[in-house]
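The values are calculated or read from the model by the stated rules, or taken from the named source; none is laboratory data. The model shown is predicted, which means the values in this text are computed figures rather than measured ones. Neighbour counts are summed over all protein chains in view; Cβ atoms, including those assigned to glycine, are modelled from backbone coordinates with ideal geometry. With ligands, DNA and RNA removed, areas are computed over all heavy atoms of the protein, side chains included. Shrake-Rupley method; radii C 1.70, N 1.55, O 1.52, S 1.80 Å.
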Amino acid sequence: MKTGKPSNTALIVAAGLQLATPPSDAKHFGERLLRRTHPRLSGLLHRPWFRRLCRLFERLTLPGVFLHYALRKQILRQHAQAALAAGCTQVVVLCAGFDTLCMELKAARPDLCCIEIDHPATQPAKRKAARGSGIGFVAADLAQQELAPLLKAHPGFREGAFTLFVAEGLLMYMPLEAVRALFAQLAAAAPHSQVAFTWFEPLADGRPGFRRQGRLVDAWLRWRGEPFLSGMAGPKLAGFLSGLGFALQRLDASSSLLDTTCAAERPIEGEYIALASRAAMQERYV
């Protein structure tokens, strides 16, 4: 994103979730958050003409992306619930944007330690809207700052606890070497951890991105300072993670939640949702 400016893609995802068909806790909490942080946009999203305009723009650029956002969040929430059932006691969401996972989890489990780490330009509105929620907020640019010291400085974080890290819509904005460094930092920050994340399958020409993604989208992302920089082919992911001390447990497409025989709308393809565990703790918690 442009220096000193909030992430545009974070707001687009939040708005797109309100336009997606499946109702969910994420959609409900997201609507509440948008009303507090962007009341004008929240109001427009209830107007039929504006919803039709957004849907037209989606069809012309990334058809099915709004449904993909909604299904992607459902899968990540399934991973979060499974981790909690297995003994997870703290959740750390990286570059959370306007995601409401921590808000949802804290509402159901007030004892849970939930921490959001996000860019200083994006986080203030979210922090103000979630005041009193019990969520811990850390304003940091992960491109410039190490993760482990940030977490260890937070009074609620416990290094030895079973931790779920969530990196939704993040890795594709990082060069491959930075992704490697991030996983090393996750391992150092919480040795007993799982990571739920999303990443792109490379396109036929090697570019990271959604299927049916036009050059216009690439140009807009570059202009906004948020270009896609990396991806990893699904068949290579297990080997990549193994070299970093993690074991791949799940690899899903957002369409895996749909009944393909009767789905009227299909999510856009190209981004998968993965779950990995620290290899040393896999047998202990899984």
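Nearest 5 is fine: what % of DSSP beta bridges in the chain come out antiparallel, could you say? Mind showing how you got there, number by number?
On the way: 15 of 33 bridges.
Of all bridge pairs located within the chain, approximately 45 percent are antiparallel.
Looking at the chain, which longest stretch skips every one of the trypsin sites (Lys or Arg not before Pro) that is in a DSSP loop with at most 16 other Cβ atoms within 10 Å, leaving the sites themselves out? Don't skip to the answer; put the middle values down first.
Details: sites that count: Lys2, Arg131, Arg158, Arg211, Arg212, Arg224.
Excluding the exposed sites themselves, the longest stretch runs over 3-130.
Between exposed GluC sites (Glu not before Pro) in the chain, where DSSP calls loop and at most 16 other Cβ atoms lie within 10 Å, what's the longest gap?
That would be 1-145.
Largest first and in whole Å, give the semi-axes of the chain's equivalent ellipsoid, each being the square root of 5 times a Cα gyration tensor eigenvalue.
On the way: eigenvalues 150, 102, 73 Å².
Those come to 27, 23, 19 Å.
Relative to the compact-globule scaling 2.2 N^0.38 Å, provide the ratio for the alpha-carbon radius of gyration of the range 136-209. Write out the running numbers ahead of the final one.
Values: Rg = 13.7 Å, N = 74, 2.2 N^0.38 = 11.3 Å.
Dividing the Cα radius of gyration by 2.2 N^0.38 Å gives 1.21.
Which number gives the lysine pairs in the chain that have C-alpha atoms under 30 Å apart and are eight or more places apart or on different chains?
25
When the accessible area of the range 24-158 is computed with all protein chains present and a 1.4 Å probe, what percentage of it is carbon and sulfur? Display every interim value, and only then the final one.
Values: 3500 of 6250 Å².
Carbon and sulfur: 56 percent of the exposed surface of the range 24-158.
Rank Ala161, Ala108, Ala130 by mean-square fluctuation in a GNM of the chain with C-alpha springs under 10 angstrom and give only the top-ranked residue.
Ala108
Separation of the range 97-120 and the range 10-44 by C-alpha centroid, Å?
If you average the Cα positions of each part, the centres end up 16 Å apart.
Might you tell me the accessible area per residue for the chain, computed with a 1.4 Å probe and given in Å²? Write out the running numbers ahead of the final one.
Details: 13040 Å² over 286 residues.
Roughly 46 Å² per residue, with all protein chains present.
What residues of the range 22-60 lie in the reach of a label at Leu203, counting those whose backbone N is under 20 Å from a point 7 Å from the Cα along Cα→Cβ?
The answer is 57-60, whose backbone nitrogens lie closer than 20 Å to the label point.
First select every other residue whose beta carbon is under 13 angstrom from the beta carbon of Leu151; then total the charges, Lys and Arg +1, Asp and Glu -1.
Details: positive: Lys152, Arg158; negative: Glu116, Glu146, Glu159.
Here the charged neighbours net out to -1.
Summing -39500 (n - 2.57) over the DSSP H runs of n ≥ 4 in the chain and dividing by its residue number, what mean residue ellipticity at 222 nm do you reach, to the nearest 500 deg cm²/dmol? Walk me through the numbers before you get to the answer.
Numbers: 12 runs with 123 residues, N = 286.
About -12500 deg cm²/dmol.
Using only C-alpha positions, report the orientation-averaged shadow area of the convex hull of the range 123-256, nm², one decimal.
Working: hull surface 40.2 nm².
Averaged projected area of the range 123-256's Cα convex hull equals 10.0 nm².
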